[in-house]
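Asker: Supplied in structure tokens, the structure appears directly below.
Rule-based calculations on the coordinates, nothing more; no lab input. Note that the structure is a prediction, hence the values are computed from the model and not measured. Reconstructed Cβ throughout: ideal geometry from the backbone, glycine too, with neighbour counts over all protein chains shown.
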Amino acid sequence: MSNKLSIVCVSGTLEKLQMASMVASVAAASGDDVTVFFSMNALQYFTKDNAELAAPEEGEFGRLIETEGVPAFRKLFEQAADLGDAKLLACSMALDLMKITPDDLTLEFGPATGLTAFLSDAEDGRLLSF
């Protein structure tokens with residue numbers, strides 16, 4: 001039986017996006033039921049207009065991530081979805097505020113989802129926030 005893991009990504013910093021992507025990809029590859037909910041400052045890094053936008057570093061570790069060959073957070077989220085069947089969801093409120101549609105997103109996101117629906121689905125599993 002797999003574990004259920006729900007991840008909320010709201011930060012736009014490299015270290016938090018990196019850790020969220022690593023947790024999602026490892027859990028998905030391990031057979032866990034993974035859902036990642038992107039909102040606020042995190043969602044901007046997954047739009048076609050910002051496909052190459054670098055996330056700001058919080059500290060020295062961010063520089064190490066970029067210079068030491070660590071797989072990029074976008075690639076790890078993509079692998080979590082492709083190899084581990086993780087569900088990637090965009091916050092419907094964030095999409096509205098940013099004036100973008102699901103077609104503007106770079107990865108294969110599921111349907112736009114509200115926070116209430118996401119939390120309802122997450123209630124019987126573990127919830128992490130980055």
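Asker: Going through the stretch 1-51, which trypsin sites (Lys or Arg not before Pro) have at most 14 other Cβ atoms within 10 Å and a DSSP loop state? Present the calculation step by step, with values, prior to reporting the outcome.
Answerer: On the way: sites: 4, 16, 48; in loops: none.
In loop regions of the stretch 1-51 (DSSP not H, G, I, E or B), there are no sparsely surrounded trypsin sites (Lys or Arg not before Pro).
Asker: Which value, in debye to the nearest 20, gives the size of the charge dipole of the chain about its Cα centre, when Lys and Arg are +1 and Asp and Glu are -1 at the Cβ?
Answerer: 100 debye
Asker: Please sort by residue number the GluC sites (Glu not before Pro) in the stretch 23-84 whose DSSP state is loop and whose Cβ has at most 14 other Cβ atoms within 10 Å.
Answerer: When the GluC sites (Glu not before Pro) of the stretch 23-84 are filtered for loop state and at most 14 Cβ neighbours within 10 Å, 52, 58, 68 remain.
Asker: Quick one, which of (i) 1.41; (ii) 1.03; (iii) 0.95 is the actual Rg/Rh (Cα atoms, Kirkwood Rh) calculated for this model?
Answerer: (iii)
Asker: At residue 108 and residue 51, where each label point lies 7 Å from the Cα along Cα→Cβ, what is the point-to-point distance in nanometres?
Answerer: According to this spin-label approximation, the distance is 1.7 nm.
Asker: Are any of the pairs 4/87; 75/99; 4/99 more than 21 Å apart by Cα-Cα distance, and if so, which?
Answerer: On the way: 4/87 12 Å; 75/99 25 Å; 4/99 31 Å.
Too far apart for the 21 Å limit: 75/99; 4/99.
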